[in-house]
Amino acid sequence: MSRSTSSSKVTMSTATADGTQNPNPPPPTSLDLWSQIVAEENQDYGNQIDVVFRRRKPRNDPNNANSMVSDDIPRRPSRVSFADPNKRISWKRSLSTRGRISIAVGASMVYQPELKKDKRKGKPPAIPKGKNVKAPNFDKERLYFQEVDAFELMEESPSPKKVGTWIVGNNMEEVPLPSLCSRLERWLHSRRLNPRCGPSSRLSKILDTPTMNLEVRMRSLDQSGLSNSQLSNLKSGESNRSLNNASLIESEGCEDVEAGLKKLSLTSTTSSIYDDHNNPFSVLLEICGQSAPSMLQDLFSRYSGSETVVKVGEGTYGEAFKVGNCVCKIVPFDGDLRVNGEIQKKSEELLEEVLLSKTLNQLRGNDGVSNNNLCRTFIESKEFRVCQGLYDEVLVRAWEDWDHKHNSENDHPNEFPEQQCYMVFVQQHGGKDLEGFVLLNFDEARTLLVQVAAGLAVAESAYEFEHRDLHWGNILVSRSDDSATLQFTLDGKNLLVETYGLMISIIDFTLSRMNTGDSILYLDLSADPDLFKGPKGDKQSETYRKMKEVTEDWWEGSFPKTNVLWLVYLVDILLTKKTFERTSKDERDLRSLKKRLDKYNSAKEAVFDPFFTDLFVESNPMA
């Protein structure tokens with residue numbers, strides 16, 4: 001109501017058309033100051049609106065006929081937007097409202113966008129750099145907090161010590177013993193186990209304490225595969241030596257330990273291979289049932305008889321000779337002379353390979369012991385001998401004949417010195433390697449794959465076995481008409497495999513890995529980086545690199561996927577390197593098998609692939 005009244009007053013007090021004031025103003029007694037102020041503001045506001053909302057005059061554009069307006073047509077007077085003050089127009093109210101708000105906001109707000117706050121925390125003060133500036137040392141603070149933490153932990157939750165007492169303060173750490181003679185080692189070991197033993201104790205009583213190394217040695221003898229008579233002789237000799245040592249010192253009458261130690265001869269005991277049980281060469285001799293190395297001539301004369309010795313193969317580290325129905329692999333070791341450009345193998349490496357071969361022999365079931373995992377895929381090792389001396393004339397002649405026919409890549413054996421030692425593996429004759437063997441048809445290729453896969457699966461289940469070097473030179477193939485099927489026992493289930501007249505033998509366990517139950521036998525391939533630097537695209541070199549990815553260069557662990565990688569390698573060899581009678585469907589089946597093998601994590605999974613299903617006779621491996 002007040003807005004209407006004030007608007008009418010504004011209209012009454014406006015100027016006339018000629019610009020003069022109204023001659024009849026209202027009397028002073030009825031003057032309303034507030035209405036007058038509002039009227040003046042509305043007057044200015046109305047004038048502004050009149051300018052903004054007046055219709056534009058049409059332009060006289062000579063080029064546009066539509067825009068031309070005839071001068072004869074009279075122009076309409078300009079209309080004021082707010083001529084009728086009593087008429088309330090919605091957009092007038094909203095426009096004025098926006099104007100008031102914009103003015104009010106403009107007086108108290110800043111229109112700049114708000115800057116984002118930095119979420120990053122301040123950087124720590126930089127360490128000064130320079131030649132003479134040293135980094136801050138916090139060793140004192142670290143030692144202080146370590147002492148505090150150790151004291152609090154001991155007070156809150158003390159842990160019992162091996163001695164059987166509760167100790168707070170400095171703890172005595174066990175220092176590893178150096179390589180000493182067995183008597184002194186037994187004495188030091190007994191002092192650790194029995195700290196109450198004073199210096200006046202008799203040395204004979206101390207020597208009665210067995211050492212842990214001796215127990216491990218006895219346990220390794222039990223698993224070495226030696227005969228019962230050999231084991232009993234070795235163990236009795238070991239115990240007799242311990243008793244003799246004790247009685248010897250007891251007869252000396254030495255009451256003081258230090259005096260007894262002075263009477264011990266540290267050099268006299270190292271000559272015995274039984275006392276020097278930290279020497280891998282001595283342990284290797286012991287496992288082979290020898291007290292001293294043999295001569296190569298004596299060994300080969302026992303197996304050759306009237307037959308001639310023929311070289312049948314060679315490798316980077318050794319030679320293979322056929323002697324009668326056996327093959328002898330000769331590997332030089334522990335020498336300074338390089339073998340074919342490579343450093344000779346050490347005794348500990350060959351010791352692990354001998355133990356691997358002996359353990360895999362147990363899968364053949366010849367010892368009569370019942371086993372849930374049996375197979376004959378791995379080559380049978382008949383004997384292991386440590387030899388020393390020069391190559392015999394018969395061996396040199398056989399080597400030169402091979403060199404004349406095949407142009408040998410190995411060094412001539414006459415280069416070895418007279419003191420050179422050799423490890424000789426006497427194994428059954430498994431046939432020809434896959435590289436030189438001729439496959440006839442697709443069935444022979446299939447039985448080759450299934451026999452290798454089944455053998456690896458059995459060894460996986462029994463000993464967590466991984467071959468890790470199963471190239472086509474380490475797979476021997478022979479033809480036999482004796483049996484049409486071959487039996488495998490996997491986790492107590494008998495599997496009969498169709499052989500099609502082929503027998504497969506896996507050899508060379510130098511790089512293999514196995515868990516015997518008491519120890520893990522493996523070769524740390526990270527120490528041989530050149531093994532993984534083969535040419536790109538080569539199937540064998542690529543398989544080594546894939547093994548390194550799977551194991552992450554930790555070769556002690558169990559990674560049965562490595563066996564699957566070598567199965568994939570064999571499929572590639574059959575597709576690209578071997579020629580035999582096959583159809584396009586056979587090749588498609590092999591390629592499909594290769595794709596499916598990538599999904600398996602072990603040979604135990606791969607052996608049940610549909611590719612091998614019809615090769616199992618009278619037994620369903622999937623049941």
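The values are calculated or read from the model by the stated rules, or taken from the named source; none is laboratory data. Owing to the predicted nature of the structure, the values given are computational and were not obtained by experimental measurement. Here Cβ is always computed from backbone atoms with ideal geometry, including for glycine, and neighbour counts include all displayed protein chains.
Data for the structure
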quantity	calculated
Contacts under 6 angstrom Cβ, first residue in the range 428-453 being among the basic types (Lys, Arg), partner modelled with pLDDT under 95 and part of a loop (DSSP other than H, G, I, E, B), 6 or more apart	none
The listed residue being surrounded by fewer than 21 Cβ atoms within 10 Å (Cβ to Cβ) and either assigned to a helix (DSSP H, G or I) or not assigned by TED's automatic domain parsing to the domain that holds SER519 (or both), out of GLY455, GLY436	GLY436
Residue in the range 553-570 that is buried (at least 17 other Cβ atoms within 10 Å of the Cβ), in a loop (DSSP other than H, G, I, E, B), over 18 Å from the mean Cα position of the chain (by Cα) and touching a residue at least 60 places away in the same chain (Cβ under 8 Å) present	no
The range 513-524: number of residues that are surrounded by 13 or more Cβ atoms within 10 Å (Cβ to Cβ), modelled with pLDDT under 95 and touching a Lys or Arg at 6+ places or on another chain (Cβ under 8 Å)	4
Test: residue in the range 591-602 that is hydroxyl-bearing (Ser, Thr, Tyr), under 23 Å from ASP491 (Cβ atoms) and not in a helix (DSSP H, G or I)	yes
Filter result for PHE509 (under 22 Å from the mean Cα position of the chain (by Cα), at pLDDT 95 or above and surrounded by 22 or more Cβ atoms within 10 Å (Cβ to Cβ))	no
The range 303-325: number of residues that are part of a strand (DSSP E or B) and over 12 Å from VAL396 (Cα atoms)	6
Residue satisfying condition, being of a type in the set (D, E, K, R), surrounded by fewer than 18 Cβ atoms within 10 Å (Cβ to Cβ) and closer than 17 Å to PHE509 by Cβ, within set GLU383, GLU393	GLU383
Criterion violated by LEU597 - all others in (1) under 18 Å from the mean Cα position of the chain (by Cα); (2) within 18 Å of PHE612 (Cα to Cα) satisfied	(1)
Filter pass, THR510 being assigned by TED's automatic domain parsing to the domain that holds SER461, of a type outside the set (Asp, Glu) and part of a helix (DSSP H, G or I)	no
